[in-house]
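Read-outs: derived from the displayed coordinates by stated rules, not from any lab. The structure presented is a predicted model; accordingly, all values stated were derived computationally and were not measured. Methodologically, a virtual Cβ is constructed for each residue, glycine included, from the backbone with ideal geometry; neighbour enumeration extends over all protein chains shown.
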Amino acid sequence: MDTIDGTRAESLIAEFGSPLFVVSERKMREQIRILRAAFVSKCGRCIVAYSYKTNYLPGLCAIARQEGLWAEVVSEVEYGIAELVGVQGDRIIFNGPWKSEAGLRRAAENGSVLNADSLDEILRINRIGEVIKKTISVGIRVNFRDMCGLRQSRFGINVEGGDALSAVRIARDLRRVHPVGLHLHLGTNINDPFAYSVAAKQICTFAKELQDSLGLEMCYFDLGGGFPCADTPPKWAFGGRGNEEWVTPPIEIYAEALTHTLMNNISSFKQEPILIVEPGRFIVGPSVFLLTKVISKKRQNGILLVVVDAGLNLVPSAQYLRHPMKPATLRSTTTATTVVCGPSCSEYDILGHVEMPEPQLGDTLVVCAVGAYSISASTQFSFQRPAVVMIGLEGEPEVLRKPELHCDLWRLDQIPSRLQQRSTRE
């Protein structure tokens, strides 16, 4: 794989250094449009919001906004980024288990969609409503004991035990809270579309219970994201056998499974609820590549170990996902299993076991589909983080993030004066 959107990988390394994240603007816009078309064609009242936690690089969030996506955020950091790139407050969905008083007030005053994670948070929102003298519309995040075979979620309020019904009843009776929606998120990399059909049925059933027992009509159902990225198969396929193929149905199948069940279960509602989906991995996963140089190689017990200048510090998901890797320059057609290791002094810093032609020192490897939970979850463990460039629609590279310098690693640190000592050189 010698080029990304027509730009040679080697020329990018020569200009911007190694390692290097490279974003394909064309691919990201393509993924957004495919997903939007799939859902909007089947559900006219549908909002698509980009999941910022997946990758909150401002340049990428700006593309999502330009493509008409709302912002789904789970922290005040992400909320600030949404505002930075020009997302209006009433197009921000604020999720997550922790929102400060200031964050809740900011969202309430801006008219953002607020999904509460607990009864405690509902009560806090009510107190803020009293302060700002405003009734605040709130969605309630719920969970079910067996969400399509997944373990009990730690997020939201459980339905089967009656906790969710009790919480909504309390919310209904509060002076400054108006419950208007339900939120449910299955997880990430869900490769079974039927899971979304089950989730839609569960949400509809609970909403009907709220309508019948509390007289509440839900205005929206937020079914979260979790749609998989076909280019990032899990190493163990979430309980699979390691080497089995990771096959994901087209996004249209997910949209059909979710919306078909939804439409078949809302006939008794006074109005059709808005469907909200919050994709992240599907959009940005296959849109980002990592270029990394081979810095050393050796054989141990007949196994080829290749060390590159990027590791788990930049792609932490490589611990449980198998990211495709290819040499930028094909030197041979004969392949062998290669253990690609990162540069840190950690036994576990391994990017993957890959079948590829044996690379040479100085060669560039292209790690594909690293857009999800890489840049936003990267660390400064032993090394500074690299630049991020984007290949624009015109084929020209643009800098989205400058590379960190060594001093950036300790820029915020302080040494007590009693411990300071000037270094001396003989």
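Over its Cα atoms, what ratio of radius of gyration to 2.2 N^0.38 Å does region 286-410 give? The partial results should precede the final answer.
On the way: Rg = 14.7 Å, N = 125, 2.2 N^0.38 = 13.8 Å.
Ratio of Rg to 2.2 N^0.38 Å for region 286-410: 1.07.
Put a dot 7 Å past each Cα toward the Cβ at ARG172 and LEU304; how far apart are the dots in nm?
Result: 6.6 nm between the two label points.
What does the charge dipole of region 286-410 about its Cα centre add up to, to the nearest 20 debye, if the Cβ of each Lys and Arg holds +1 and the Cβ of each Asp and Glu holds -1?
Rounded to the nearest 20 debye, it is 300 debye.
Would you order TYR373, TYR348, TYR50, TYR56 from fewest to most other beta-carbon atoms within 10 Å of each residue's own beta-carbon?
Arranged by neighbour count, lowest to highest, TYR373, TYR348, TYR50, TYR56 become TYR348, TYR373, TYR56, TYR50.
Any idea which of TRP70, GLN360, CYS43 is furthest toward the positive side of the dipole for the chain, if Lys and Arg beta-carbons carry +1 and Asp and Glu beta-carbons -1?
Sorting the options by dipole projection puts first TRP70.
Around THR3, which amide H atoms from residues at least 5 apart in sequence, or from another chain, sit under 5 Å from its own amide H, with H modelled in the peptide plane?
Excluding prolines and chain starts, which carry no amide H, the hits are ALA9.
Check the straight Cα-Cα distances from LYS326 and name the aspartates and glutamates below 14 Å, setting aside those fewer than 8 residues away within the same chain.
Answer for LYS326, where 14 Å is the Cα cut-off: ASP2, GLU10, ASP231, GLU355, GLU358, ASP363, listed by chain and number.
Excluding same-chain residues fewer than 8 positions from LYS99, which aspartates and glutamates have a Cα within less than 14 Å of its Cα?
GLU72, GLU76, GLU78, ASP117, ASP120, GLU121
Apply the membrane-span-like helix rule to the chain: whole DSSP H runs, Cα extent along the own long axis of at least 24 Å, mean Kyte-Doolittle hydropathy at least -0.5. List the helices found.
Helices passing the filter in the chain: 194-214.
Need one number: nm distance between label points at GLU15 and GLU252, each 7 Å from Cα along Cα→Cβ, rounded to one decimal.
Each label point is offset 7 Å from its Cα along the Cβ direction, giving 3.7 nm.
If we count every other residue with Cβ under 12 angstrom of GLN360's Cβ, Lys/Arg +1 and Asp/Glu -1, where does the sum land?
Around GLN360, the charge tally is +1.
So if I place +1 on the C-beta of Lys and Arg and -1 on the C-beta of Asp and Glu, and nothing else carries charge, what would the dipole magnitude of the chain be about its Cα centre? I want it in debye, nearest 20.
660
Work out how much length PHE269 to GLN360 would gain on full extension: take 0.36 nm times their residue separation and subtract the Cα-Cα distance, in nm to one decimal.
26.3 nm
Quick one: among ASP413, ASP120, ASP163, which has the greatest mean-square fluctuation in a GNM of the chain with alpha-carbon springs under 10 angstrom?
Residue with maximal mean-square fluctuation among ASP413, ASP120, ASP163: ASP413.
Restricting things to Cα coordinates, could you compute the convex hull volume per residue of region 5-138 in Å³?
On the way: hull volume 17.0 nm³, N = 134.
Hull volume normalised by residue count: 127 Å³.
Have a look at the DSSP beta bridges in region 286-410 and tell me what percent are antiparallel, nearest 5.
85
Which of TYR52, TYR320 has the fewest other C-beta atoms within 10 Å, and how do the rest follow up to the most?
Values: TYR52 29, TYR320 11.
So the residues, fewest neighbours to most, are TYR320, TYR52.
What 222 nm value per residue comes from the helices of the chain, counting each DSSP H run with n ≥ 4 as -39,500 (n - 2.57) and dividing by all residues, nearest 500 deg cm²/dmol?
-8500 deg cm²/dmol
What does the highest-first list of 17-23, 93-99 look like by mean Cβ count within 10 Å?
Going from most to least packed, we get 17-23, 93-99.
With +1 assigned to the C-beta of every Lys and Arg and -1 to the C-beta of every Asp and Glu, and no other charges, what is the dipole magnitude of region 39-183 about the Cα centre in debye, to the nearest 20?
Charge dipole, region 39-183, about its Cα centre: 280 debye, nearest 20.
Obtain the nm distance between the two label points defined at THR334 and ARG418 by a simple spin-label model: each point lies 7 Å from its Cα along the Cα-to-C-beta direction.
Each label point lies 7 Å from its Cα, and together they span 6.5 nm.
If you build the Cα gyration tensor of the chain and take the root of 5 times each eigenvalue, what three semi-axes come out, in whole angstrom, biggest first?
Equivalent ellipsoid of the chain: 42, 26, 20 Å, largest first.
Express in nm, to one decimal, how much length is gained between SER296 and VAL131 on full extension, taking 0.36 nm for each residue of separation and deducting their alpha carbon distance.
53.2 nm is the gain from fully extending SER296 to VAL131.
Can you compute the FRET efficiency between THR205 and GLU30 using 1/(1 + (r/R0)^6), with r the Cβ-Cβ distance and R0 = 35 Å? Round to the nearest 0.05.
Efficiency computed from Cβ-Cβ geometry: 0.45.
When DSSP beta bridges are limited to those with both residues in the chain, what percentage is antiparallel, rounded to the nearest 5?
That works out to approximately 45 percent antiparallel.
Report the residue, chosen from ALA107, ALA116, ALA37, that carries the largest GNM mean-square fluctuation when the chain is represented by alpha-carbon nodes joined by springs under 10 Å.
Result for the chain, Cα springs under 10 Å: ALA37 fluctuates most.
Cα centroids of region 1-80 and region 332-387: how far apart, whole angstrom?
Rounded to whole Å, the Cα centres lie 22 Å apart.
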